[in-house]
Amino acid sequence: MSKILMPRLSDTMESGIIVTWHKQPGDEVTPGEILAEIETDKAVMEYEAYEAGVLGRILVAEGEEAPIGQPIATLGPDEPDTPPTPAPQTTAASPLARRDAVELKVDLASIAGSGPGGRIIRADVRAAAEAAAEVVVTAPATPVQGEQLVEEVSLGMLRRTSGRLLADSARTAPHFYLTASADVQDLVGLRAEFNEHLTAAGRQRISVNDLIVRACALTLRDHPDVNSSLSGDTLLRHQEIHIGVAVAVDDGLLVPVLRNPDLKPVGQIAQETAGLAERARQRRLTAAEMSGGTFTISNLGMYGVEQFTAIINPPEAAILAVGALKREATVLDDGSVGVRSRLRYTLSADHRVLDGAVGARFLADLTGLLENPWLILA
């Protein structure tokens with residue numbers, strides 16, 4: 001009888017939550033079969049069996065958390081060593097529904113699923129939680145004078161892990177910040193023209209961020225120190241360019257990585273980015289899709305944020321924070337005043353790797369591409 005241990009499914013994972021067991025005690029297990037779905041600090045990931053045998057006892061139930069290396073079940077060549085008991089009644093539910101059920105304290109057995117074949121989906125769980133809250137709260141609470149009303153919300157694994165990593169980055173990496181802006185009137189016009197044709201062809205539309213990703217990738221070719229990371233006392237200049245694109249999800253921030261965007265047309269970048277963002281929101285990214293980044297872009301322009309600074313995603317040397325497009329009165333080259341679209345972006349850089357002049361030259365070249373968008377597409 002051997003023990004199945006909580007695996008390490010990502011570089012930063014320290015523990016995992018069992019979302020779903022796909023096998024029950026007494027079930028035959030063959031190598032490559034999906035044993036369980038495990039929520040890590042980044043995604044809900046499938047865990048495959050490495051050995052053949054019969055599943056014995058389940059030591060960590062669905063919804064429970066265990067650190068890496070802790071036994072989560074037993075596996076043996078014989079029958080399970082526990083007294084025969086009826087297999088637990090399982091409820092068909094999506095992994096996200098199961099995770100929400102644990103967080104919201106909803107009993108899945110009490111819910112009628114609205115998904116295919118009666119499968120419980122996330123919306124069913126949230127509706128049940130809202131209904132329960134309405135029943136419980138029958139009258140508005142009357143605050144006692146001098147007492148503060150506080151709602152306690154436990155931090156999810158993703159937020160705990162990203163918070164720890166970013167706190168380490170802010171504490172150990174000496175950040176400096178450089179802000180620049182570009183006249184992107186031509187870029188906006190080019191994007192609109194492209195999207196007309198792409199829409200007519202039934203293809204993925206491109207976003208301003210897709211163009212920024214491509215522009216950054218091309219600029220990084222000429223600035224290897226910006227496309228680098230620190231490993232102890234050694235600077236690693238990466239020969240390939242892999243850009244992480246920050247995606248906000250319900251309980252934190254994920255950074256899927258777009259590989260070699262300097263070698264791909266913008267249309268392909270748009271398709272791949274949309275796919276990664278959707279899988280990030282579903283917490284279905286693989287470890288490979290979230291590792292190996294050499295530079296990160298964080299864009300809050302869709303929320304109307306004009307300008308902000310971002311914390312470097314370790315061990316990378318820099319991150320670009322992109323704000324919203326704004327129409328502004330601008331003095332043109334001929335001295336007249338016109339209304340143009342402008343974009344502001346801030347480079348956060350690790351002073352152990354870069355100095356201000358290197359960062360400034362990177363931003364100058366990036367600005368040059370954004371103001372001449374045909375060079376981004378060429």
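The values are calculated or read from the model by the stated rules, or taken from the named source; none is laboratory data. Since the model is a prediction, treat every value here as computed from it, not as a measurement. Here Cβ is always computed from backbone atoms with ideal geometry, including for glycine, and neighbour counts include all displayed protein chains. Each accessible area value is taken on the protein alone, full model and side chains, heavy atoms only, with ligands, DNA and RNA left out. Shrake-Rupley method; radii C 1.70, N 1.55, O 1.52, S 1.80 Å.
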**Request:** Tell me which of these Glu193 doesn't satisfy, since it passes every other one: (1) surrounded by fewer than 18 Cβ atoms within 10 Å (Cβ to Cβ); (2) closer than 30 Å to Asp355 by Cβ.
**Result:** (2)
**Asked** Which residues, counting only those in the range 1-57, are in contact with a Gly (Cβ under 9 Å, 6 or more places away or on another chain), of a type in the set (Ser, Thr, Tyr), open to solvent by less than 30 Å² (accessible area, probe 1.4 Å) and in a loop (DSSP other than H, G, I, E, B)?
**Response** Thr40
**Fill in**
Checking Pro67, Pro71 in turn, the sole residue that is under 27 Å from Arg279 (Cα atoms) and modelled with pLDDT of 85 or more turns out to be Pro67
**Tabulated pairs, the range 165-192, first aromatic (Phe, Trp, Tyr) and at pLDDT 95 or above, second outside any helix (DSSP H, G or I) and surrounded by fewer than 17 Cβ atoms within 10 Å (Cβ to Cβ), C-beta under 8 angstrom, 6+ apart or interchain** = Phe176/His351; Tyr177/Thr309
**Message:** What's the total number of residues in the range 329-366 that are assigned to a loop (DSSP other than H, G, I, E, B) and surrounded by fewer than 17 Cβ atoms within 10 Å (Cβ to Cβ)?
**Reply:** 8
**Fill in**
Result of the Cβ filter at 6 Å on the range 304-327, keeping first residues that are at positive phi and partners that are in a loop (DSSP other than H, G, I, E, B) and among the small types (Gly, Ala, Ser), at least 6 apart or interchain, is Gly304/Ala324
**Asked** Only one residue in Val226, Val213 is within 17 Å of Pro265 (Cα to Cα), open to solvent by less than 70 Å² (accessible area, probe 1.4 Å), in contact (Cβ under 8 Å) with a residue 60 or more places away in the chain and in contact with a strand residue (DSSP E or B) (Cβ under 6 Å, 6 or more places away or on another chain), so which one is that?
**Response** Val213
**Asked** Of the residues in the range 231-248, how many are buried (at least 18 other Cβ atoms within 10 Å of the Cβ) and touching a residue at least 40 places away in the same chain (Cβ under 8 Å)?
**Response** 6
**Request:** Take Arg221 and decide whether it is of a type in the set (D, E, K, R) and open to solvent by less than 40 Å² (accessible area, probe 1.4 Å).
**Result:** no
**Request:** Considering only the range 353-366, state which residues are in contact with a helix residue (DSSP H, G or I) (Cβ under 9 Å, 6 or more places away or on another chain) and modelled with pLDDT of 95 or more.
**Result:** Phe362, Leu363, Asp365, Leu366
**Asked** Under the condition of being exposed (fewer than 12 other Cβ atoms within 10 Å of the Cβ) and outside any loop (DSSP other than H, G, I, E, B), which residue from the range 74-116 is modelled with the lowest pLDDT?
**Response** Pro116
